[in-house]
1. Look through segment 43-60, keep the residues that are within 20 Å of Ala107 (Cα to Cα) and of a type in the set (Gly, Ala, Ser), and return whichever of them is modelled with the lowest pLDDT.
2. Got a sec? Which helices (runs of 4 or more DSSP H) wholly within segment 77-147 have at least 3 residues that are modelled with pLDDT of 75 or more, within 21 Å of Leu34 (Cα to Cα) and more than 22 Å from the chain's Cα centre (by Cα)?
3. Looking for something part of a strand (DSSP E or B), closer than 18 Å to Pro77 by Cα and touching a Leu at 6+ places or on another chain (Cβ under 9 Å) - is there at least one such residue anywhere in segment 30-49?
4. If we keep just the residues of segment 23-49 that are in contact (Cβ under 8 Å) with a residue 60 or more places away in the chain and not charged (D, E, K, R), which is nearest to Ile133 (Cα to Cα)?
Amino acid sequence: MDVVVGIDVSKDRLDVHVLPSGESFAVANDDESLDELAAKLLSLNADIVALEATGGYEMLAAAALSGAGLAVIVVNPAHVRAYANALGKRAKTDPIDAEVIAAFVAATKPAIRPLRDEENRALAALLARRRQILAMIAAEEQRTRMALAKEAQKSIGRLLAALRRELDSLDADVDDHIRKSPLWRVRETLLTSVPGVGRVTARTLLA
């Protein structure tokens, strides 16, 4: 049986559910924790990792996990909710959790189209540069706490502002890269592949 991982994404946290084992855990949504999560999911021989699209908070996780060699897709939360509603699992206004995301992907069995080598290299380069910028920001923030002279403080402030603008630019590049890649599946109508969920029902649930 395939090992399917559902990840419920928020700004600072990732809630993870693994099928068929039923294991659940949470990690921080940051670079260090994503490295640890990737290693854990690789050790579990995860066949597919699904994240819901949540206004961009999922982009770093999708990029990092895909870059680690995992098969990743980003799914539309409306589709996941419609799947849950169709099976009577939860009310329409209830939050989507990692277990439901995993169950949705296990039921719909979406085709996985891995990134091409050049896409992986480009994504890896963006993530590496992002980490460099984060390290530079951390170093300058540390200097801020040490610098006493106003002139030094002003210089550090200007550099921090520039570094944060560059970080925003890199995040936008990662976002754009993911949205144009095979990982991005929010427009696919996977619901109709679930037994008992026809096109009319799917359209009604997604309305």
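1. Looking at residues that are within 20 Å of Ala107 (Cα to Cα) and of a type in the set (Gly, Ala, Ser), I get Ala53.
2. 117-146
3. yes
4. Taking the candidates together, the pick is Ile48.
The values are calculated or read from the model by the stated rules, or taken from the named source; none is laboratory data. What you are looking at is a predicted structure, and each value in this text was computed from that prediction instead of being measured. Note: ideal-geometry Cβ built from the backbone for every residue, glycine included; neighbour counts use all protein chains shown.
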